[in-house]
Amino acid sequence: MDAAEFRTQAHKLVDWMADYLQTVETYPVSARGEPGDILNQLPERAPDGGEEFDTIFEDFKRVVLPGMTHWQHPSFFAYFNANSSPPSVLAEMLTATLGAQCMSWATSPAATELEERMMEWLRHMIGLPPGYSGVIQDTGSTSTLCAILTAREVHTRFAVNREGLQGADRLTAYCSTETHSSIEKGIAIAGLGRANLRKVKVDSSYAMDPDALQKAIRSDRSAGHTPFLVVATLGTTGSTAIDPLNEIADIAVREGLWLHVDAALAGSALLLPEMRWMIRGIEHADSFFFNPHKWLFTNFDCSAYFVKNADALVRTLGILPEYLKTQEDHRVKNYRNWGIQLGRRFRALKLWFVIRSYGVRGLQEKVQKHITFARNLVRKIDAAPDFELLAPVPLQTVCFRYRPEHITTDETLNRLNARLLEDLNNTGRLFMSHTVLNGVYTLRMVTGQTQLEQRHVDNAWELIQERARMLGAHAGQMT
């Protein structure tokens, strides 16, 4: 493809992209069809010769698009959002065009220095105190793994990196029973063993119980284990519970544990000064992250990771073969040493575009609006005699279930709500997900999509009530 053809096709793609963003809510939210439908439309072997771009793009629309779940649809209420926005999309186009591998300052000085500045912007925007250095990781899972590895090395005086785990004490880590699965996965990857992760019980709001944490640490010390890490979650995946950071921080300081704060979703809410009650005690945290790709309207992937002791992070993850040495190394940040991967994308560019396009006030307004939508929905659920709220709603995730008066057993209610969720998602008019809270099958509705308006939430609530009551009328026939 020469430059002239590239220009022609790029204009066509941009026109399609703009049309898609303008009309995305006319699509079914979730992918339709059965497993194998897309695979069976794809040739078993690659073509010997090149094909026309027009043909390829037509196949994208015919084969790929029907199999996509539209995460940017305003009626996407599932999981946590992976939000995009027009300025972020445009920045990604530039990133792809530049095609830079931004592992070091020398490989693209602008990428390194823009990232450094963006992390300072974010730190200030969300109210983190001075003293934290930031780096953009790909996902929250990687941010957490970096924290686990650094905590392991600091606690063993960097002996594990040097000698392996054979002679190390039996290290134990702590999180709540509602903490994201990436904690357990990170502990396993770090070679510490899942059996050494203590999942601490939660209170009635599904937040970590500090007394139970303290007891678990004391029990482990008595048994000869070595506690080294505690993870506090702000906005758990199931219900967006907020762990009591201040109390957990007191325990971490007293016990000499590395304190890592997982604010993957909730970190964006810290743009609002009135939400910063969530980070009381943050000055005692050793590491903290949140994901702008969840609720700050920045294309996936983009995880903002902050660490108090950057030297420990670099000592844990840095390595310097001869072929990567440059004359500037002693004067610059080489972010390849701040994460797992050597190769790095130019993620800071999309953050720069998004923050400048909306401004801090514009971002605050969107986040506040999403929280307001959730609170409006809570009032409607509370007013409906056959629905019930199942968890507090500090942010934009509403956990609830349908509970008709004539059904009294949790087992039947669980089946009924599972059937309701399947029925709702099959309509193509919305997409929701579920969790299980204290044994109860729970519907989750997340009001955080970039283009979401009150009418989308209202339409969803009407559909939920309509489908629920249709199913409830026949609930006695369920098996």
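The values are calculated or read from the model by the stated rules, or taken from the named source; none is laboratory data. Quick caveat: nothing in here was measured; it's all calculated off a predicted structure. Don't worry about glycine lacking a Cβ; one is built from the backbone with ideal geometry, like all the others, and counts go over all protein chains shown.
Here are the numbers:
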read-out	value
Scope the range 210-230; condition touching a Ser or Thr at 6+ places or on another chain (Cβ under 6 Å) and either over 12 Å from residue 173 (Cα atoms) or buried (at least 18 other Cβ atoms within 10 Å of the Cβ) (or both); matching residues	220, 227
Options 172, 144; residue that is buried (at least 24 other Cβ atoms within 10 Å of the Cβ) and free of Cβ contacts under 8 Å to residues at least 60 places away in the same chain	172
Those helices (runs of 4 or more DSSP H) lying entirely in the range 97-168 with at least 3 residues closer than 30 Å to residue 6 by Cα	109-126
Those residues of the range 206-249 which are of a type in the set (S, T, N, Q) and touching a residue at least 24 places away in the same chain (Cβ under 8 Å), in sequence order	214, 226, 233, 236, 237, 239, 240, 246
Qualifying residues in the range 193-209 (those that are more than 20 Å from residue 169 (Cα to Cα) and touching a helix residue (DSSP H, G or I) at 6+ places or on another chain (Cβ under 6 Å)) - the one surrounded by the most Cβ atoms within 10 Å (Cβ to Cβ)	200
Selection within the range 178-192 - assigned to a loop (DSSP other than H, G, I, E, B) and surrounded by fewer than 16 Cβ atoms within 10 Å (Cβ to Cβ)	191
Enumeration of residues in the range 53-68 that are outside any helix (DSSP H, G or I) and modelled with pLDDT of 95 or more	none
Subset of the range 397-425 (residues that are in contact (Cβ under 8 Å) with a residue 60 or more places away in the chain and either closer than 21 Å to residue 76 by Cα or under 28 Å from the mean Cα position of the chain (by Cα) (or both))	397, 399, 402, 425
Subset of the range 77-117 [aromatic (Phe, Trp, Tyr), modelled with pLDDT under 95 and in contact with a strand residue (DSSP E or B) (Cβ under 7 Å, 6 or more places away or on another chain)]	79, 80
The range 261-289, residues that are surrounded by 18 or more Cβ atoms within 10 Å (Cβ to Cβ), closer than 17 Å to residue 130 by Cα and not hydroxyl-bearing (Ser, Thr, Tyr)	261, 267, 270, 271, 279, 281, 282, 285, 286, 288, 289
Among the residues listed as 264, 232, 269, 252, the single one being modelled with pLDDT of 95 or more and part of a loop (DSSP other than H, G, I, E, B)	264
Candidates 99, 127, 131 - the one that is more than 21 Å from residue 281 (Cα to Cα) and not hydroxyl-bearing (Ser, Thr, Tyr)	99
Pick from the range 290-309, criterion of a type in the set (D, E, K, R) and in a loop (DSSP other than H, G, I, E, B), ranking: surrounded by the fewest Cβ atoms within 10 Å (Cβ to Cβ)	301
Condition met for residue 197 (in contact (Cβ under 8 Å) with a residue 12 or more places away in the chain and touching a Gly at 6+ places or on another chain (Cβ under 7 Å))	no
Matching entry among 345, 336, 361 (being under 23 Å from the mean Cα position of the chain (by Cα), among the basic types (Lys, Arg) and part of a loop (DSSP other than H, G, I, E, B))	345
Per-region count, the range 9-18, residues farther than 13 Å from residue 72 by Cβ and either loosely packed, with under 12 Cβ neighbours inside 10 Å or within 25 Å of the chain's Cα centre (by Cα) (or both)	2
